[in-house]
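Inspection log for the structure reproduced underneath, given as structure tokens.
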Amino acid sequence: MKMGLDIPPELIFTSAMATAQFLQKQRPNGTVYVIGESGLTSAMHEAGYIITEHDPDYVVLGETNAFSLENLTKGIRLIIDGARFVATKPEEIECYSYIPTHVYDSVAEFEVG
């Protein structure tokens, strides 16, 4: 998407990159279950993280068009089993017409235990 700004790609720092950098400092070369788009998974890989559904160190929630009951349930179960939860930018998750607004409002606000 062009916005009229001439900014080199190496000067762009996204919320996905910030999250990956934060996690790399917390636990270098850890594991993560990602609920998000390819930008988030790419940032995690570039930070040295392995993406897995089996006993990850973290569950990371980002913006996505692919929310499903299955991936949210999987993420919640992983958190209950001990994974730490990180949301990249919950206040900006866009609400889609086919999913009720309260689902998006509460995804990053649930409590475990």
**Message:** Being of a type in the set (Gly, Ala, Ser) and out of contact with any Leu (no Cβ under 9 Å at 6 or more places or on another chain): is that true of residue 66 here?
**Reply:** yes
**Message:** Please verify whether residue 41 is polar (S, T, N, Q), part of a helix (DSSP H, G or I), surrounded by 12 or more Cβ atoms within 10 Å (Cβ to Cβ) and free of Cβ contacts under 8 Å to residues at least 24 places away in the same chain, treating the condition exactly as stated.
**Reply:** yes
**Request:** Evaluate the following for residue 16: is it modelled with pLDDT of 90 or more and of a type in the set (Gly, Ala, Ser)?
**Result:** yes
**Asked** When you go through (1) at pLDDT 95 or above; (2) surrounded by 18 or more Cβ atoms within 10 Å (Cβ to Cβ) one by one for residue 27, which number turns out not to apply?
**Response** (2)
**Item:** In segment 52-80, the residues that are assigned to a loop (DSSP other than H, G, I, E, B), loosely packed, with under 11 Cβ neighbours inside 10 Å and at pLDDT below 95
**Value:** 65, 66
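The values are calculated or read from the model by the stated rules, or taken from the named source; none is laboratory data. Quick caveat: nothing in here was measured; it's all calculated off a predicted structure. Positions of Cβ are backbone-derived with ideal geometry, glycine not excepted, and every protein chain shown enters the neighbour counts.
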